[in-house]
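For reference, the structure is listed below as structure tokens.
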Amino acid sequence: MPDVVPLFARQPIFDRSYEVVAYELLFRHSSTNAAEITDGDMATAQVLLKVFGENQIQEVIGNHKAFVNYTRKLVCTPPPLPSKQLVVELLEDIPFDNEVAAGLKKLRHAGYEIALDDFELTAKTQPLLAYADIVKVDVLAHSREGLAAIVEHLRPYNKILLAEKVEDHQTMQFCLELGFKLFQGYFLCKPQIVQGISVSEGKQAIIKLISVLNDPEVEFDTIVKTIATDPSLSYKILRLVNSSAIGLPRHVESLNQAVTLLGLSAIKNWASYLLMANSSDKPRELCVISMSRAKFCEQLATKINGRALADAGFTVGLLYNLDAFLDMPMAELMERLRLAENLSDAIIHQRGLLGDILQNVLYFERAQWHQVNWKLFAQHSIDEEQLTAIYSNSIQWATETVSSQV
């Protein structure tokens with residue numbers, strides 16, 4: 001069996017307080033000769049052993065739990081993995097029989113939590129509930145009435161219900177009302193827009209500051225003065241640039257010094273991030289997602305076009321979810337902000353080189369690897385192993401950076 005290079009993406013799982021309690025890990029397997037991998041179960045087992053056995057799991061999910069899809073073969077012949085952080089997710093297409101029942105019983109006895117993926121309650125699937133801790137329900141596959149009926153039918157079994165594919169705040173609210181305990185989907189990255197409510201003065205001030213910071217014609221003194229008008233922002237920038245996330249060799253004591261050492265573009269990006277992060281009561285994970293994406297875009301831009309494009313890459317990755325932070329339509333925000341045309345085109349339409357980078361990062365984050373433009377990366381000698389390393393490092397860096405601001 002050749003050396004397997006896993007591509008992975010992680011998707012957060014939230015509790016009712018919007019706190020992250022776990023991540024689902026999604027893997028795709030590759031090698032120098034993909035045709036040589038004939039046993040997908042063996043490839044999955046090798047990836048899991050590598051990630052868990054070499055303590056890489058801490059770099060990927062920290063102290064949270066990891067939901068991992070298990071095939072029939074992995075359930076019946078599981079790899080020797082620690083049960084403390086692993087939730088075995090039984091795929092919906094695995095028929096229940098005596099062999100699967102025996103495998104699930106052994107997994108439970110070994111201390112693993114078990115989740116049923118895309119569960120539909122039928123006479124054939126009902127026996128699985130005896131082994132499950134968590135039941136995942138695809139909310140996109142059902143009407144509201146159907147979803148309410150499913151919850152009611154599952155209530156007597158006293159399982160933790162997880163709503164997956166929650167794509168907007170309205171669906172999230174409905175699932176909360178139905179009594180779901182856990183939630184998975186992209187709702188956090190969507191704006192929660194209430195028609196008829198005007199933009200608050202606080203948000204208008206934030207938009208104005210971000211606009212000034214990202215004005216392509218802005219000068220050094222204007223940046224320093226703009227940041228200095230907000231004492232809280234000034235303090236947080238100095239605190240951030242002196243943190244281990246930045247790693248400067250000496251202590252920075254003034255904004256002028258910070259701009260001189262880090263450069264104008266970097267300070268503009270950091271100030272924009274801090275304004276976004278402190279603009280609302282959004283969950284911490286939205287900051288982690290945005291900063292991870294910004295770093296991922298920055299690193300890819302550097303490899304593709306050198307340092308000249310790095311800061312712009314960071315900017316488009318960072319501002320892509322500005323609408324979710326401020327709960328405003330992105331088109332309206334772009335009208336208010338004085339972004340360079342290449343930045344706004346990349347953010348709204350994913351046009352140009354920056355747009356291509358952003359689009360591929362979004363595909364990667366969502367485990368839509370078949371959509372990734374692999375030719376673009378191959379042209380710049382970026383292979384799958386490098387992409388995985390950049391993604392993993394971006395997650396670690398973002399987690400550390402956001403934590404330094406707590």
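Quick note: the coordinates plus some simple rules give every number you see, no bench work behind them. This one's a predicted model, so the numbers in the text were calculated from it and none came from an experiment. Here the Cβ positions follow ideal geometry from the backbone for every residue, glycine too, while neighbour counts run over all protein chains shown.
The helix-based estimate of mean residue ellipticity at 222 nm for the chain, built from -39,500 (n - 2.57) per DSSP H run of four or more residues and divided by its residue count, is -15000 deg cm²/dmol to the nearest 500. Between 0 and 90 degrees, the angle of helix 352-365 with respect to the longest Cα principal axis of the chain falls at about 30 degrees. Once the chain from residue 264 to residue 177 is taken as fully extended at 0.36 nm per residue, the excess over their C-alpha distance is 26.6 nm.
Put simply, when 164-175, 291-302 are sorted by average Cβ atoms within 10 angstrom per residue, most first, you get 291-302, 164-175. Its residue count N sets the reference 2.2 N^0.38 Å, and the alpha-carbon radius of gyration of the chain equals 1.06 times that reference. Taking Cα atoms, how many degrees apart are the long axis of helix 98-109 and the longest axis of the chain, rounded to 10 and kept between 0 and 90? The two axes meet at around 60 degrees.
Across segment 5-189, the convex hull enclosing all Cα atoms gives 129 Å³ per residue. FRET efficiency for the pair residue 160 and residue 98, taken as 1/(1 + (r/R0)^6) with r the Cβ-Cβ distance and R0 = 35 Å, rounds to 0.85. Would you kindly state how much longer the chain becomes between residue 229 and residue 331 on full extension, computed as 0.36 nm times their sequence separation minus their alpha carbon distance, in nm to one decimal? Length difference between fully extended and current span is 34.0 nm.
Sequentially through segment 85-97, phi angles give Karplus couplings (6.51, -1.76, 1.60; θ = phi - 60°) of 10, 9, 10, 7, 9, 7, 5, 5, 8, 8, x, 7, 8 Hz, Gly and Pro residues having no value and appearing as x. Between residue 222 and residue 148, the FRET efficiency from the beta-carbon distance, with R0 = 41 Å, is close to 0.15. Give me the distance between the Cα centres of segment 158-192 and segment 371-392, rounded to whole Å. Each part reduced to its Cα centre gives a spacing of 32 Å.
Shown here: segment 201-403, whose C-alpha atoms stretch 47, 40, 33 Å along the first, second and third principal axes, sorted largest to smallest.
A crude spin-label estimate for the pair residue 368 and residue 353, with each label 7 Å from Cα along the Cβ direction, gives 2.4 nm.
Residue separation of residue 250 and residue 396 scaled by 0.36 nm, minus their Cα-Cα distance, works out to 50.3 nm of gained length. Partners of residue 106 within straight-line reach, counting lysines whose Cα lies under 20 Å from its Cα and excluding those fewer than 8 residues away in the same chain: 65, 73, 84, 159. The calculated FRET efficiency for residue 109 paired with residue 167, based on their beta-carbon distance and R0 = 35 Å, is about 0.40. Relative to the longest principal axis of the Cα atoms of the chain, helix 284-305 runs at roughly 70 degrees. Along segment 68-76 the Karplus relation, 6.51 cos²θ - 1.76 cosθ + 1.60 evaluated at θ = phi - 60°, assigns HN-Hα couplings of 10, 5, 10, 7, 4, 5, 5, 5, 7 Hz to successive residues, with x for each Gly and Pro.
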